[in-house]
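Heads up, the thing below is written out as structure tokens.
The values are calculated or read from the model by the stated rules, or taken from the named source; none is laboratory data. Worth saying up front: this structure is predicted, and the values here are computed from it rather than measured. Every residue, glycine as well, gets a Cβ built from its backbone with ideal geometry; the counts of neighbours run over all protein chains shown. Note: areas computed on protein heavy atoms with side chains; ligands, DNA, RNA excluded. Shrake-Rupley method; radii C 1.70, N 1.55, O 1.52, S 1.80 Å.
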Amino acid sequence: MIQILAVAGSPVKEGNTEALLKEALHVTSPDPEIQRAIFNLSGLAITGCQHCNWCLRHQTPEKYCVISDGMDSIYPALTRSDVVVLATPVHIGRMSGLMANMIDRLRVFVYGNAHRGKLKDKVGVSLIVAFLRHGGLETTLSILNSTFALFNMIPAGRGGLVLSSLDGKGKATKGIRHMVLEDGFGLSSAKEAVRRGVEIAKIIQAGKKALSISSDIR
């Protein structure tokens, strides 16, 4: 069984980022061995990390962080996950503030006395939405993939880079709510990123199982 945790990091409810994430995850629908948990940050209140260091000594299996907010439901889903899909719009050349807050709160997996290191070997998939072709797609992708690496996760491929304006020219198109769905090439890259993430997760599961069997034999 492969567990996918997917997060849409836009403050816009049912906007382009949420539409992209939903469409990209469709590639996993035919596989009965895949379970999905989707969180839209537009409907969650998540504050940034206070760097209070509470998690260093007081963390428990049930309580990850001293702050109680939208992260309360995300933390256990992250722990169970095999693949983490982060979808964010580009805001001023980088990820959204909501996504940054969520990632900052993952400090509990770096220093926490109960959950330290629990993101290791999970597969990270980056999906990026930008209004402009040169508006920060690659920069944001680099930031997210570097973030995965910092947690000893495994970034999956090139990620999905999708434009939310026609040809990335930064002009609104009347009558079309989700322009990301009009970017065929971008959607293909997003679906391939998710597909590759699942593939890597299956390889990791099989490899760990084989290593365990090998260790028993020795």
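Assuming Ser164 fulfils every condition listed in (1) within 16 Å of Phe131 (Cβ to Cβ); (2) open to solvent by 30 Å² or more (accessible area, probe 1.4 Å) apart from one, which condition is it?
Here Ser164 meets the rest and fails (2).
Need at least 2 residues that are in contact with a Lys or Arg (Cβ under 7 Å, 6 or more places away or on another chain) and aliphatic (A, V, I, L, M) per element, so show me which helices (runs of 4 or more DSSP H) inside the stretch 1-83 make the cut, counting only ones lying wholly within it.
Once the helices (runs of 4 or more DSSP H) in the stretch 1-83 are filtered for at least 2 residues that are in contact with a Lys or Arg (Cβ under 7 Å, 6 or more places away or on another chain) and aliphatic (A, V, I, L, M), what remains is 16-25.
Determine, yes or no, whether Ala156 is in contact with an Asp or Glu (Cβ under 6 Å, 6 or more places away or on another chain) and either at pLDDT below 95 or open to solvent by less than 70 Å² (accessible area, probe 1.4 Å) (or both).
For Ala156, the condition - in contact with an Asp or Glu (Cβ under 6 Å, 6 or more places away or on another chain) and either at pLDDT below 95 or open to solvent by less than 70 Å² (accessible area, probe 1.4 Å) (or both) - is not met.
Being charged (D, E, K, R), closer than 30 Å to Lys208 by Cβ and open to solvent by 40 Å² or more (accessible area, probe 1.4 Å) is the filter here; which residues of the stretch 73-94 pass it?
Correct list: Arg80 only.
Being open to solvent by 20 Å² or more (accessible area, probe 1.4 Å), out of contact with any Phe, Trp or Tyr (no Cβ under 6 Å at 6 or more places or on another chain) and modelled with pLDDT under 90: is that true of Ala206 here?
No, not satisfied.
Against the condition open to solvent by 10 Å² or more (accessible area, probe 1.4 Å) and assigned to a helix (DSSP H, G or I), how does Arg107 come out, does it pass?
yes
Given the conditions (1) farther than 19 Å from Gly117 by Cα; (2) in contact (Cβ under 8 Å) with a residue 60 or more places away in the chain, report the number of the one that Ile4 does not fulfil.
Condition (1) is where Ile4 drops out.
Evaluate the following for Lys191: is it of a type in the set (Lys, Arg) and modelled with pLDDT of 95 or more?
For Lys191, the condition - of a type in the set (Lys, Arg) and modelled with pLDDT of 95 or more - is met.
Answer yes or no: is there a residue in the stretch 41-62 that is among the acidic types (Asp, Glu) and either open to solvent by less than 10 Å² (accessible area, probe 1.4 Å) or free of Cβ contacts under 8 Å to residues at least 24 places away in the same chain (or both).
Yes, the stretch 41-62 contains a residue that is among the acidic types (Asp, Glu) and either open to solvent by less than 10 Å² (accessible area, probe 1.4 Å) or free of Cβ contacts under 8 Å to residues at least 24 places away in the same chain (or both).
Does Ser126 satisfy being of a type in the set (Gly, Ala, Ser), farther than 30 Å from Arg57 by Cα, within 14 Å of the chain's Cα centre (by Cα) and surrounded by fewer than 18 Cβ atoms within 10 Å (Cβ to Cβ)?
No; evaluated as a whole, the condition is false for this residue.
Taking the stretch 137-147, which residues are free of Cβ contacts under 8 Å to residues at least 40 places away in the same chain and buried (at least 17 other Cβ atoms within 10 Å of the Cβ)?
Scanning the stretch 137-147 gives Leu141, Asn145.
Can you say whether Asp69 is among the acidic types (Asp, Glu), under 22 Å from Ala45 (Cα atoms) and in contact with a Cys (Cβ under 6 Å, 6 or more places away or on another chain), as far as the supplied structure shows?
no
Would you check which residues across the stretch 175-203 are among the hydrophobic types (A, V, I, L, M, F, W, C) and surrounded by fewer than 16 Cβ atoms within 10 Å (Cβ to Cβ) and list them?
Ile176, Phe185, Ile203
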